[in-house]
Every structure is written in C-alpha cells, then in structure tokens.
C-alpha cells in the first residue's frame with residue numbers, strides 16, 4: 001500500500017511538473033529545476049496523503065538523484081549498489097513494515113532500573129536493528145536471556161556479528177509479528193505510530209498476566225501506561241510502560 005502511494009505521488013508530481021515546466025524554465029533556466037520541482041511536489045503530495053517524513057524525504061531526493069545519474073559521470077553500478085544497500089536495510093518497509101529506528105542512550109538509562117526491578121528471565125526486543133539496546137543490556141545483565149528479533153537482512157547481519165561474543169543473546173531473523181510473545185515477561189519496542197494498535201493487540205493476545213511492554217516514543221491508543229518516563233536527549237521523548245493485562249483495559 002505504501003509503495004502504491006509512493007508511485008502515485010511521483011506520477012502526479014511528474015504530470016504537474018510537465019504542466020508548469022515552461023514557466024519554471026522562464027524563471028530559472030537550469031536543467032535541474034524540473035527535477036527539483038518534481039521532488040518538492042511529490043514530497044508535498046506524500047505529506048498530504050499522510051506518508052511518514054522519511055517517505056517525504058525519499059520523494060524529494062529521488063528525482064534529483066535521477067538527474068545526477070543522467071548528468072554526472074557516475075558509474076550506474078554505484079546507484080545499483082546504493083539501491084541494494086537500501087533494500088537490505090529497509091527490507092519490506094515499502095510494503096508496510098516498520099523502518100529502521102535506532103534507540104538512544106537515554107532509553108538504555110531508563111531500561112536498566114526497570115530490568116533491575118522486574119528481574120525478568122527473558123526479554124525480547126522487537127526490531128532490534130543493529131543492537132543499540134541489546135548490546136548494552138547484554139553487558140549489564142549477563143544472566144538475562146535476550147532475544148533480538150530483526151527481519152531486515154543487513155541490520156540482522158550487523159547485529160549477529162556484534163552479538164557474537166554474548167552467550168545470553170540469541171539473534172533471530174524473523175518477522176516479529178509472527179513471533180509469539182508468550183515466553184517473555186518484558187518486551188521492548190521502538191517502532192512506528194502506525195503499528196501501535198497492532199502491537200497492543202499482539203501483546204494483549206500473547207503476553208502473560210503481569211508482563212511489561214515497553215514502548216519508546218510511541219503510545220498505544222486506548223491503553224493506560226503504568227508509568228510514563230521522560231527521556232532526556234535523543235529522538236525519543238518518552239518511554240511508555242504497559243503492565244498486562246490492566247493497561248489494555250484502561251488501567252483497571
């Protein structure tokens with residue numbers, strides 16, 4: 001669905017740019033101008049259509065990149081290599097999966113006392129990326145069994161390499177939507193506001209009574225957090241702590 005929206009945005013932007021190309025050349029007679037205009041129009045359309053900011057950035061850069069490919073003496077294989085790298089990093093994102101977000105050090109500082117208090121036997125991170133949370137926690141809690149779940153091939157490879165010396169970390173290349181949360185008393189995720197309802201449904205279905213779901217930056221609509229911790233620094237502003245099953249029932 002997201003990919004279809006992106007294609008439509010670019011096609012509409014291309015058509016609108018063709019309509020105003022003559023006026024643009026009269027004002028700024030440079031061959032890059034139509035490409036910039038198409039990128040700006042596509043980004044604006046994506047914003048109006050509710051696509052995320054990173055999609056808007058892609059819309060802006062895509063036509064300009066095409067112009068660079070056409071005008072500069074850059075080997076085409078470099079663009080192919082860059083495209084393949086993006087596919088490996090953002091695997092499945094265009095079809096609705098969650099993009100790669102990295103948790104900040106402020107999240108680690110907030111998680112440590114929670115884990116010390118909860119003393120979970122197993123912890124899962126959904127969408128573990130390259131290990132920005134998993135590795136510090138594995139060092140701090142060597143007796144804690146951590147399952148790092150990541151689907152995108154390149155982050156998974158980096159994560160697996162970085163975790164090779166930790167006996168308490170198991171790196172799983174899986175779709176976490178298909179992974180049961182029943183074995184875990186604590187689950188951490190830094191995902192996207194678009195999938196929080198689905199995450200809540202999965203946690204309510206799988207997690208045992210008394211389990212703790214920790215979400216960085218994004219809350220679950222209709223859920224009441226047991227605690228909401230303000231995070232100092234980084235892109236994430238809050239850590240939402242949901243106790244099952246009361247959180248899903250409005251805190252009762």
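Where a number appears in this text, it was derived from the coordinates with a stated rule and is not lab data. Note that the structure is predicted; figures quoted are calculated from it, not measured. Heads up, the Cβs are rebuilt from the backbone with ideal geometry, glycines too, and the neighbour counts pull from every protein chain shown.
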So for 232, 196, 207, fewest C-beta neighbours within 10 Å to most, what's the order? 232, 196, 207
Within a 10 angstrom radius of the beta carbon, how do 71, 17 rank from fewest other beta carbons to most? 71, 17
Please arrange 130, 64, 146 by counting, for each residue, the other beta carbons lying within 10 Å of its beta carbon, fewest first. 64, 130, 146
